[in-house]
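Okay, structure first, notes after.
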């Protein structure tokens, strides 16, 4: 019997572990120079030039409504480049975690009261050693439209 498993890249934002589907992780980069965008959303840190593309980079803490205090070790901060259809969006995280594998049976629905906003990007949780990893929906996390056709 084969189990359909999906691989996830975990990362820490604030005191919580999150994960994105590995198939939607384009790459992980060191935190680098960003060009600010005047008048942009408060969670947009700026844009980054990446091999000829202009990529918006979000602040993971602000996007997820987490407090700013207790910033991470600057040597561990990374930008995770996430892809959804033709879109590429970066998110700044405090540290990269492990690769996780989970089958649909391992994943629980989001915690009650957690998904109170329509744009809440958490679409499930994966229980781990007395805690959990919040699984993210890349499209909602990056506030992208639904893609009907692959580009």
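Taken together, the values in this text are just the output of simple stated rules run on the coordinates, not laboratory data. Everything numeric here is computed off the predicted structure, so don't read it as measured data.
Brief remarks follow.
- Note on the chain: with a GNM built from Cα contacts shorter than 10 Å, the maximum mean-square fluctuation among 79, 129, 24 falls on 129.
- As a length-normalised measure over Cα pairs under 8 Å and 6 or more apart, the relative contact order of the chain settles at 27 percent.
- With helices as the sole contributors, the chain gives -500 deg cm²/dmol at 222 nm; each DSSP H run of n ≥ 4 counts as -39500 (n - 2.57), and the sum is divided by every residue.
- Interatomic Cα distance distribution for segment 14-151, bins of 5 angstrom, percent: 2, 9, 19, 23, 22, 15, 7, 3, 0
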